[in-house]
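Accompanying notes for the structure given below.
The values are calculated or read from the model by the stated rules, or taken from the named source; none is laboratory data. Quick caveat, the model's predicted, so the values are computed rather than measured. Note: ideal-geometry Cβ built from the backbone for every residue, glycine included; neighbour counts use all protein chains shown.
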Amino acid sequence: MTSNDIIVNSTPTAEAAGTWRLGDRTVNRVGFGAMRLTGMPWDERPRDRADAIAVLRRAIELGVNHIDTAAFYFLPTRSANELISTALQPYPEELVLTTKVGPGRSRDGAFEYARPDQLRAQVEENIRQLGLDHLDVVNLRWGTGLDKEPGSVAEHFGALAELREAGLIRHLGISNIVTEQLIEAMAIAPVVCVQNRYGLIERQDEALVEMCAAHGIAFVPFFAVATSVPGATPHGGHDETGESEVAEVAQAHRATPAQVRLAWTLHQGAHVLAISGTGNLAHLEENIAAGALRLSNDELTLLDGITTTA
């Protein structure tokens, strides 16, 4: 075992991956995504509240100071924002809560996209649920599905820029977009982060990753450890692409395949953050430990050579 290996009997913290600036806030590059806290719609039952609260508190203990959430992360009896508020208030001073607006959901789970004049109500809903006076970072989540949608983001992003000027929002980001939409948003107000689907086997946004690096913008991928095709079925369709290469690297480091996928993502640039989510304590610790995994140039070359989704 080399010095680059993850030590099984110790628990690396989120500081191991280094830090990045979201506007005037410094966050550890390994954060936490809250989508799975409640359980997923296709699960047989909601996740136990005590388990979700324990995961959140353990994340903070392990140095996580960046949590990604949204008011539309809910089941009929569970809300990610409510769980965060219950578990973590009073919030640590260094904690940055990032949320998303644009899509709205009815109680039966149906999505409807907000008009620009409806975004203030969505921002205020997140503020109320989280028990805050303002939001640290708000992403305009473009579209209600996983596929990027065309069109101008100017009117919606401009509405959020007005709420930023009014003091309801500290910093702005944008999600599920193409490069032209990022350029459009940047002309309206400063953008501190971009959230797009991206990972080892799905690298269609390489140009956007590079563009964010050039402008000092955090690139925050979702589904970074995915081994499925989200949306193909309620659970996704399993994709075996790259499994042998990932397994080879994982074995060399006594790590899990998910840790290797996360580590590869973090190696794509100092501006790339991780927000993998889970409701399981063991998986949480594994995800955070991935920030301590250092891949060699040969290993990166091996993983970079995997055929990916274009």
Would you please name the residue that is nearest to Ile275 (Cα to Cα), looking only at residues in the range 189-210 that are surrounded by fewer than 19 Cβ atoms within 10 Å (Cβ to Cβ) and touching a helix residue (DSSP H, G or I) at 6+ places or on another chain (Cβ under 8 Å)? Ala207
Report yes if Glu240 is at pLDDT 95 or above, out of contact with any helix residue (DSSP H, G or I) (no Cβ under 7 Å at 6 or more places or on another chain), surrounded by fewer than 19 Cβ atoms within 10 Å (Cβ to Cβ) and closer than 28 Å to Glu44 by Cβ, otherwise no. no
I'd like the residue in the range 95-121 that is in contact with a Lys or Arg (Cβ under 9 Å, 6 or more places away or on another chain) and touching a residue at least 40 places away in the same chain (Cβ under 8 Å) and, out of all such residues, is nearest to Pro41 (Cα to Cα). Pro103
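Can we say Ala218 is at pLDDT below 95 and among the aliphatic types (A, V, I, L, M)?
In short, no.
Quick check on Ala59: is it over 30 Å from Ser152 (Cα atoms), in contact with a helix residue (DSSP H, G or I) (Cβ under 7 Å, 6 or more places away or on another chain) and crowded, with 24+ Cβ neighbours inside 10 Å?
So Ala59 passes the test.
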Subset of the range 48-80 [touching a Ser or Thr at 6+ places or on another chain (Cβ under 6 Å), more than 20 Å from Thr11 (Cβ to Cβ) and touching a residue at least 40 places away in the same chain (Cβ under 8 Å)]: Asp68, Thr69, Ala70, Arg78, Ala80
Test of understanding: among Ala54, Ala59, which residue is assigned to a helix (DSSP H, G or I), within 17 Å of the chain's Cα centre (by Cα) and among the small types (Gly, Ala, Ser)? Ala59
Within the range 64-79, considering residues that are touching a Gly at 6+ places or on another chain (Cβ under 9 Å) and within 21 Å of Arg29 (Cα to Cα), the one surrounded by the most Cβ atoms within 10 Å (Cβ to Cβ): His66
Give the number of residues within the range 150-195 that are touching a strand residue (DSSP E or B) at 6+ places or on another chain (Cβ under 6 Å), among the β-branched types (Val, Ile, Thr) and over 25 Å from Ala224 (Cβ atoms). 1
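Take Val64 and decide whether it is over 17 Å from Ile275 (Cβ atoms) and either aliphatic (A, V, I, L, M) or in a helix (DSSP H, G or I) (or both).
Details: over 17 Å from Ile275 (Cβ atoms): no; either aliphatic (A, V, I, L, M) or in a helix (DSSP H, G or I) (or both): yes.
No, not satisfied.
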It is to be established whether one or more residues within the range 167-182 are under 30 Å from Glu240 (Cβ atoms) and among the small types (Gly, Ala, Ser). yes
Scan the range 265-276 and tell me whether some residue there is closer than 22 Å to His66 by Cβ, at pLDDT below 95 and touching a helix residue (DSSP H, G or I) at 6+ places or on another chain (Cβ under 7 Å). yes
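Could you say which residue among Ala255, Ala247, Ala213, Ala224 is surrounded by 20 or more Cβ atoms within 10 Å (Cβ to Cβ) and at pLDDT 95 or above? Break it down stepwise before answering.
Details: Ala247 fails: surrounded by 20 or more Cβ atoms within 10 Å (Cβ to Cβ); Ala213 fails: surrounded by 20 or more Cβ atoms within 10 Å (Cβ to Cβ); Ala224 fails: at pLDDT 95 or above.
Selected residue: Ala255, the only one of Ala255, Ala247, Ala213, Ala224 that is surrounded by 20 or more Cβ atoms within 10 Å (Cβ to Cβ) and at pLDDT 95 or above.
Of everything in the range 265-294 that's of a type in the set (Ser, Thr, Tyr) and not in a helix (DSSP H, G or I), which residue is surrounded by the fewest Cβ atoms within 10 Å (Cβ to Cβ)? Outline the logic, then answer.
Within the range 265-294, the first condition is being of a type in the set (Ser, Thr, Tyr), and the residues that meet it are 265, 276, 278.
Right, trim to not in a helix (DSSP H, G or I) and you get 276, 278.
On the way: Ser276: 27, Thr278: 21.
My answer is Thr278.
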Only one of these is modelled with pLDDT of 95 or more and of a type in the set (Asp, Glu): Asp43, Asp68. Name it. Asp68
